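Beneath this line is the structure, given in structure tokens, with notes to follow.
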Amino acid sequence: MSSLLPGQTTEAGANRRTALKVALGVGYAAAAMPIMAQTAIKTPADGLRTGESVYDMQGFTVPFYYAAPEGKTNLPVVLVVHEIFGVHEYIADTCRRFAKAGYLAIAPDLFARQGDASSYTQMPKLMAEVVSKVPDAQVMADLDGAVAWAGANGGNTKKVGITGFCWGGRITWLYAEQSKNVKAGVAWYGRLVGTASDLTPKHPLDLAAGLKAPVLGLYGGQDGGIPLTTINQMKDALSDAGARGNPAAKASEFVVYKDAPHAFHADYRPSYRKDEAADGFARALAWFKAHGVA
């Protein structure tokens with residue numbers, strides 16, 4: 001990370017930010033169309049301070065969306081990690097929901113170096129040209145940068161939680177293993193196993209023994225991309241790590257909604273399941289409170 005204070009940028013960094021032309025939290029990602037307007041939740045921003053900002057990370061200007069209760073400081077922090085579609089309206093609204101619950105919620109654009117995910121119209125092309133090129137190490141460092149920005153802008157870095165959806169669910173598990181800042185994580189249907197590569201050398205199952213913060217996994221029983229067998233593998237790994245003396249692994253839990261598909265929290269998509277999504281969000285808030293984030 002550079003010597004600049006969080007939120008400050010060099011002139012070159014500012015120029016890169018302008019060139020990105022990312023309107024974070026405005027509209028929905030093109031590849032996610034069509035939108036289910038009748039179910040998409042719109043959380044008002046009254047009583048909140050919201051908007052876009054940037055922080056400098058290793059010479060790159062990382063854009064992010066944030067939301068927090070207006071006029072308050074020393075706030076608990078929650079990192080909101082986006083799906084493959086980047087930081088669009090759904091993720092911004094989720095930040096506002098956490099802000100309404102008293103958090104400084106931050107959603108960094110973790111794909112910004114690779115491209116503008118919201119502009120892609122075809123999911124295979126988005127996966128090939130952006131998502132598949134994002135290194136885990138880059139993501140972990142950018143999340144550290146978000147925590148640093150929070151600490152300089154009204155957040156309490158001793159009370160940090162992380163939550164993420166789909167691609168972000170996997171990242172939640174990884175950051176809960178790497179970071180000493182995080183007190184708890186909530187992973188929504190994040191992939192647990194995978195093939196090692198230079199960019200993604202380890203997956204949640206590989207890291208269960210080193211978990212530093214307890215994670216609540218919220219998964220769908222009808223998720224075609226995440227078999228229940230992999231959830232059971234992760235449960236076994238956590239149980240074994242807990243028995244060997246890892247308190248975070250021992251405290252981690254799973255909730256599997258047996259009739260829910262993948263992306264059941266995504267209220268703008270046909271996969272949305274209102275009851276399961278509401279129950280999951282209530283559990284997330286309770287989890288953060290129980291583990292010292294709130």
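For region 249-267, a residue qualifies if it is over 19 Å from the mean Cα position of the chain (by Cα) and open to solvent by less than 10 Å² (accessible area, probe 1.4 Å), and the qualifying residues are Ala249, Ala260.
Can you spot a residue in region 115-126 that is under 16 Å from Gly59 (Cβ atoms) and in contact (Cβ under 8 Å) with a residue 60 or more places away in the chain? Within region 115-126, not a single residue is under 16 Å from Gly59 (Cβ atoms) and in contact (Cβ under 8 Å) with a residue 60 or more places away in the chain. Of the residues screened, Ala146 is not one that is farther than 30 Å from Ala209 by Cβ and within 16 Å of the chain's Cα centre (by Cα).
Determine whether Pro124 is closer than 29 Å to Lys159 by Cβ, surrounded by fewer than 17 Cβ atoms within 10 Å (Cβ to Cβ) and of a type outside the set (Lys, Arg). Break it down stepwise before answering.
Details: closer than 29 Å to Lys159 by Cβ: no; surrounded by fewer than 17 Cβ atoms within 10 Å (Cβ to Cβ): yes; of a type outside the set (Lys, Arg): yes.
No; evaluated as a whole, the condition is false for this residue.
Take the residues in region 98-121 that are surrounded by fewer than 22 Cβ atoms within 10 Å (Cβ to Cβ) and part of a helix (DSSP H, G or I), then tell me which one is farthest from the chain's Cα centre (by Cα). Per the criteria, the residue is Ser119. Of the helices (runs of 4 or more DSSP H) contained entirely in region 135-227, those carrying at least 2 residues that are open to solvent by less than 40 Å² (accessible area, probe 1.4 Å) and hydrophobic (A, V, I, L, M, F, W, C) fall at 136-152, 167-178. Restricted to region 71-98, and to residues there that are out of contact with any Asp or Glu (no Cβ under 9 Å at 6 or more places or on another chain) and aliphatic (A, V, I, L, M), the residue that is farthest from Gly59 (Cα to Cα) is Leu75.
Rundown of residues vs (1) touching a Phe, Trp or Tyr at 6+ places or on another chain (Cβ under 9 Å); (2) outside any strand (DSSP E or B); (3) at pLDDT below 90, yes/no style:
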{"residue": "Pro6", "(1), (2), (3)": "yes, yes, yes"}
{"residue": "Asn15", "(1), (2), (3)": "no, yes, yes"}
{"residue": "Thr18", "(1), (2), (3)": "no, yes, yes"}
{"residue": "Leu24", "(1), (2), (3)": "yes, yes, yes"}
{"residue": "Arg49", "(1), (2), (3)": "yes, no, no"}
{"residue": "Asp56", "(1), (2), (3)": "no, no, no"}
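Checking Gly151, Gly169, Gly102 one by one, the residue that is in contact (Cβ under 8 Å) with a residue 12 or more places away in the chain, small (Gly, Ala, Ser) and touching a Gly at 6+ places or on another chain (Cβ under 8 Å) is Gly169 and no other.
The values are calculated or read from the model by the stated rules, or taken from the named source; none is laboratory data. Note that the coordinates shown come from a computational prediction; the quantities given were computed from them, not determined experimentally. Quick reminder, even Gly has a Cβ in these numbers, built from the backbone with ideal geometry, and neighbours come from all protein chains shown. Side chains are part of the model used for accessible areas, which takes the heavy atoms of the whole protein and leaves out ligands, DNA and RNA. Shrake-Rupley method; radii C 1.70, N 1.55, O 1.52, S 1.80 Å.
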